[in-house]
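The values are calculated or read from the model by the stated rules, or taken from the named source; none is laboratory data. These numbers come from a predicted model, not from an experiment. Counting neighbours? That spans all protein chains shown, and the Cβs are built from the backbone with ideal geometry, glycine included.
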Amino acid sequence: MISHDDAISLSPHAVAAEDNGFDPMIGRKLVAGVESGLLRHLHVVLAERGGETILESYGSGPDEDWGRPIGDVDFGPDTLHDLRSITKSLVSLLYGIALEKGLVPRIDTPILSEFADYPDLSADPARMERTIEHALTMSLGMEWDETKPYTDPENSEIAMELAADRYRYILERNLVSEPGTRWIYSGGATALVGRIIEKGTGQTLPDFAKDVLFDPLGIKTFKWSAGKDGTHSSASGVRLTAPDLLKIGRLVLNDGVWDGRSIVPEAWLRASLRPVLATGEGVDYGYFWFCGKAQNAALGGPVPWFGGFGNGGQRLFVCPKADVAAVIYSGNYNNWMAWIPPTRVWLEIILANLQKA
């Protein structure tokens with residue numbers, strides 16, 4: 001028996017899957033995984049190779065809008081869905097765009113030099129060693145804890161949202177390691193980068209994103225949630241449809257080019273997808289992107305893949321060598337085991353069923 005939030009419907013892409021090197025039974029294997037109970041809480045699974053859809057599945061179930069329950073939703077190609085921390089990967093793209101335009105400082109710039117309101121903090125030489133690049137790689141070496149549920153005020157991201165001054169809250173955290181040496185997951189790091197983008201461009205994040213990223217890709221509908229102080233969340237605030245997020249994946253696979261136009265600098269993407277630090281969780285980290293490897297005999301062994309990850313099982317995956325992108329939306333919020341089903345879909349359903357390079 002498939003529970004309400006595990007019901008999925010498949011679009012017929014067997015021919016496209018086979019023509020693009022996949023086992024034509026890939027869709028049935030996804031359904032079998034759901035029916036077996038191994039793949040729970042899936043809302044959407046959407047994958048393409050070379051621009052051709054090879055897997056498309058929409059489900060139904062309870063959902064949230066930035067932590068606010070919105071009841072049962074029947075998902076489809078036009079349904080907005082929380083990205084949660086996939087938002088961070090979009091912020092990385094936006095920084096690269098702004099950097100090429102000369103609107104934001106080089107990544108070796110000390111973070112505190114961009115926050116002149118805190119001279120007491122910038123007077124500390126150890127704090128001045130923390131750069132924008134350290135924020136992008138989450139290696140600021142500053143105390144931060146998001147291991148608690150995002151409903152808990154002791155979770156550092158929630159505490160940041162509740163703080164009278166979110167940027168002072170972030171920047172005055174205790175120093176716990178040398179910068180660049182230790183990966184500490186931090187929505188605060190992304191908030192700092194987002195603020196630097198806004199200062200440099202003179203636009204809010206959603207307005208800048210609309211102008212330089214969403215409009216060029218034909219993304220017309222989106223939402224970017226803001227806190228009580230009106231600050232748009234760099235860490236987790238974006239909502240997109242699955243097909244529109246898949247466009248972001250295709251953009252990355254195309255080295256930042258869309259319809260013959262460079263949207264994101266290729267050099268920035270190469271830097272962003274370069275593994276910089278081990279996370280201690282089986283994957284490495286670049287500039288707000290996770291970096292992993294998958295076994296695939298058709299592709300000649302271990303192949304690199306990259307992903308944006310979000311609370312509840314949200315995923316944007318890309319595998320450049322296979323030319324495959326996938327979006328997975330889920331509803332298993334605030335459950336630390338939520339990473340398992342989307343990872344299985346990516347590794348055991350999508351990449352494992354690619355049979356021809």
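Scan the stretch 84-124 for residues that are in contact (Cβ under 8 Å) with a residue 60 or more places away in the chain, within 19 Å of Tyr167 (Cα to Cα), of a type outside the set (A, V, I, L, M) and not in a loop (DSSP other than H, G, I, E, B) and jot them down. Answer for the stretch 84-124, where residues must be in contact (Cβ under 8 Å) with a residue 60 or more places away in the chain, within 19 Å of Tyr167 (Cα to Cα), of a type outside the set (A, V, I, L, M) and not in a loop (DSSP other than H, G, I, E, B): Thr87, Lys88, Ser92, Tyr95, Glu114. Only one of the numbered conditions (1) modelled with pLDDT of 95 or more; (2) crowded, with 16+ Cβ neighbours inside 10 Å; (3) of a type in the set (Ser, Thr, Tyr); (4) not in a loop (DSSP other than H, G, I, E, B) is violated by Thr79, and that is (4). The condition of being farther than 28 Å from Val283 by Cα and out of contact with any Ser or Thr (no Cβ under 8 Å at 6 or more places or on another chain) holds for Asp165.
In summary, helices (runs of 4 or more DSSP H) completely within the stretch 140-214 and bearing 2 or more residues that are acidic (Asp, Glu) and modelled with pLDDT of 95 or more occur at 156-162. The criterion of being without any contact (Cβ under 8 Å) to a residue 40 or more places away in the chain and closer than 23 Å to Val324 by Cβ does not hold for Ile248. Scan the stretch 226-248 residue by residue and report those that are among the basic types (Lys, Arg) and either outside any loop (DSSP other than H, G, I, E, B) or on the phi > 0 side of the Ramachandran plot (or both). Selection gives Arg239, Lys247. Counting only residues that are acidic (Asp, Glu) and without any contact (Cβ under 8 Å) to a residue 24 or more places away in the chain, which one in the stretch 153-187 is surrounded by the most Cβ atoms within 10 Å (Cβ to Cβ)? Result: Asp165. I'd like to check something: does the stretch 129-151 contain any residue that is within 20 Å of Trp339 (Cβ to Cβ), of a type outside the set (S, T, N, Q), surrounded by fewer than 19 Cβ atoms within 10 Å (Cβ to Cβ) and free of Cβ contacts under 8 Å to residues at least 40 places away in the same chain? Scanning the stretch 129-151, I find at least one residue that is within 20 Å of Trp339 (Cβ to Cβ), of a type outside the set (S, T, N, Q), surrounded by fewer than 19 Cβ atoms within 10 Å (Cβ to Cβ) and free of Cβ contacts under 8 Å to residues at least 40 places away in the same chain, so the answer is yes. All of Gly61, Gly50, Gly33, Gly67 fail the test of being among the small types (Gly, Ala, Ser), touching a Leu at 6+ places or on another chain (Cβ under 7 Å) and at pLDDT 90 or above, apart from Gly33. The number of residues in the stretch 50-77 that are among the β-branched types (Val, Ile, Thr), touching a helix residue (DSSP H, G or I) at 6+ places or on another chain (Cβ under 9 Å) and over 15 Å from Leu245 (Cα atoms) comes to 1.
For the stretch 101-109, the criterion of being crowded, with 16+ Cβ neighbours inside 10 Å and among the polar types (S, T, N, Q) is met by no residue. Can Gly27 be described as touching a Leu at 6+ places or on another chain (Cβ under 6 Å) and either outside any loop (DSSP other than H, G, I, E, B) or modelled with pLDDT of 95 or more (or both)? Yes; evaluated as a whole, the condition is true for this residue.
The criterion of being within 26 Å of Ile158 (Cβ to Cβ), out of contact with any strand residue (DSSP E or B) (no Cβ under 6 Å at 6 or more places or on another chain), of a type in the set (Gly, Ala, Ser) and at pLDDT 95 or above does not hold for Ser85.
Count of the stretch 196-217 residues, restricted to those that are surrounded by 20 or more Cβ atoms within 10 Å (Cβ to Cβ) and closer than 18 Å to Glu133 by Cβ, is 2. Looking for something without any contact (Cβ under 8 Å) to a residue 24 or more places away in the chain and surrounded by fewer than 18 Cβ atoms within 10 Å (Cβ to Cβ) - is there at least one such residue anywhere in the stretch 53-68? There is at least one residue in the stretch 53-68 that is without any contact (Cβ under 8 Å) to a residue 24 or more places away in the chain and surrounded by fewer than 18 Cβ atoms within 10 Å (Cβ to Cβ).
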